[in-house]
1. For the stretch 55-76, does any single residue satisfy the condition of being buried (at least 18 other Cβ atoms within 10 Å of the Cβ) and touching a helix residue (DSSP H, G or I) at 6+ places or on another chain (Cβ under 6 Å)?
2. Considering each residue of the stretch 138-158, count those that are part of a helix (DSSP H, G or I), touching a helix residue (DSSP H, G or I) at 6+ places or on another chain (Cβ under 7 Å) and within 12 Å of residue 79 (Cβ to Cβ), and give that number.
3. With the condition kept exactly as written, say whether any residue in the stretch 51-68 is outside any helix (DSSP H, G or I) and within 21 Å of the chain's Cα centre (by Cα).
4. Residue 171 is checked against (1) farther than 16 Å from residue 51 by Cα; (2) in contact with a strand residue (DSSP E or B) (Cβ under 6 Å, 6 or more places away or on another chain) and fails just one. What number does that condition carry?
5. Can you pull out every residue in the stretch 87-124 that is under 18 Å from residue 44 (Cβ atoms) and in contact (Cβ under 8 Å) with a residue 60 or more places away in the chain?
6. Quick check on my filter: what residues within the stretch 38-54 are in contact (Cβ under 8 Å) with a residue 24 or more places away in the chain and either surrounded by fewer than 16 Cβ atoms within 10 Å (Cβ to Cβ) or under 19 Å from residue 151 (Cβ atoms) (or both)?
7. Among the residues of the stretch 72-89, which ones are assigned to a loop (DSSP other than H, G, I, E, B) and at pLDDT 90 or above?
């Protein structure tokens with residue numbers, strides 16, 4: 001007599017049907033309450049600092065006037081209706097629309113990916129805060145107030161600085177994230 005054939009239940013990874021490949025573990029990358037609180041705090045601080053410094057310069061230094069601070073650094077009250085380097089000065093409406101779209105895209109990106117990296121709320125908060133502060137000025141005044149002058153570079157404001165620092169933080173986080181998997185794969189050999 002022969003025994004009846006027995007079926008063996010074989011499973012791959014966490015798949016219950018043994019046919020569906022399991023390639024990655026799934027977890028939500030959406031921003032949680034802590035990430036949103038961090039983003040909002042950084043962005044609000046950036047907007048407040050930028051608006052305060054612009055108001056101080058506009059109220060205490062006539063347009064076009066300059067005060068030397070140290071070395072090549074001065075406070076020079078100028079207005080810019082364009083973007084970086086005065087580009088698109090006659091297209092303020094277009095700059096407003098594009099900036100609003102960029103800020104909206106960053107918020108959507110953060111909502112979907114806010115927990116991807118712990119530094120994301122800081123970097124993106126600086127970029128969003130700087131962008132929003134300049135956007136408010138363009139809508140309200142038709143220009144931004146620039147006042148930080150280093151002679152070899154066009155005058156800029158704190159919002160511009162926050163945007164540059166935020167982008168640098170994001171790029172640094174990206175480079176560190178890219179470096180870690182390679183290090184782990186070398187260590188496991």
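The values are calculated or read from the model by the stated rules, or taken from the named source; none is laboratory data. Keep in mind it's a predicted model, so treat the numbers as computed, not measured. Cβ: placed from backbone, ideal geometry, glycine included. Neighbour counts: every protein chain shown.
1. The first filter runs over the stretch 55-76 and keeps only residues buried (at least 18 other Cβ atoms within 10 Å of the Cβ), leaving 57, 75-76.
Now narrow it down to the ones that are touching a helix residue (DSSP H, G or I) at 6+ places or on another chain (Cβ under 6 Å): none.
Looking through the stretch 55-76, none of the residues is buried (at least 18 other Cβ atoms within 10 Å of the Cβ) and touching a helix residue (DSSP H, G or I) at 6+ places or on another chain (Cβ under 6 Å).
2. Our first condition is that a residue be part of a helix (DSSP H, G or I); within the stretch 138-158, this holds for 138-141, 158.
After this cut, where a residue has to be touching a helix residue (DSSP H, G or I) at 6+ places or on another chain (Cβ under 7 Å) as well, the list is 138-139, 158.
Filter again for within 12 Å of residue 79 (Cβ to Cβ), leaving 138.
Residues that pass the stated criteria total 1.
3. As a first pass, look at the stretch 51-68 and keep what is outside any helix (DSSP H, G or I): 61-68.
In the following step, the residues that additionally are within 21 Å of the chain's Cα centre (by Cα) were identified as none.
Scanning the stretch 51-68 turns up no residue that is outside any helix (DSSP H, G or I) and within 21 Å of the chain's Cα centre (by Cα).
4. So the condition that residue 171 fails would be (2).
5. Those that are under 18 Å from residue 44 (Cβ atoms) and in contact (Cβ under 8 Å) with a residue 60 or more places away in the chain: 110, 111, 114, 120, 121, 122, 124.
6. Quick first cut of the stretch 38-54, residues in contact (Cβ under 8 Å) with a residue 24 or more places away in the chain only: 38-47, 49-51, 53-54.
Answer for the stretch 38-54, where residues must be in contact (Cβ under 8 Å) with a residue 24 or more places away in the chain and either surrounded by fewer than 16 Cβ atoms within 10 Å (Cβ to Cβ) or under 19 Å from residue 151 (Cβ atoms) (or both): 40, 41, 44, 45.
7. Just the residues of the stretch 72-89 that are assigned to a loop (DSSP other than H, G, I, E, B), to begin with: 72, 81-83, 87-89.
Scanning the stretch 72-89 gives a single hit, 72.
This table checks each residue for (1) at pLDDT below 90; (2) more than 16 Å from the chain's Cα centre (by Cα); (3) part of a helix (DSSP H, G or I).
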position: 108; (1), (2), (3): no, no, yes
position: 116; (1), (2), (3): yes, no, no
position: 122; (1), (2), (3): no, no, yes
position: 129; (1), (2), (3): no, no, yes
position: 168; (1), (2), (3): no, no, yes
position: 174; (1), (2), (3): yes, no, yes
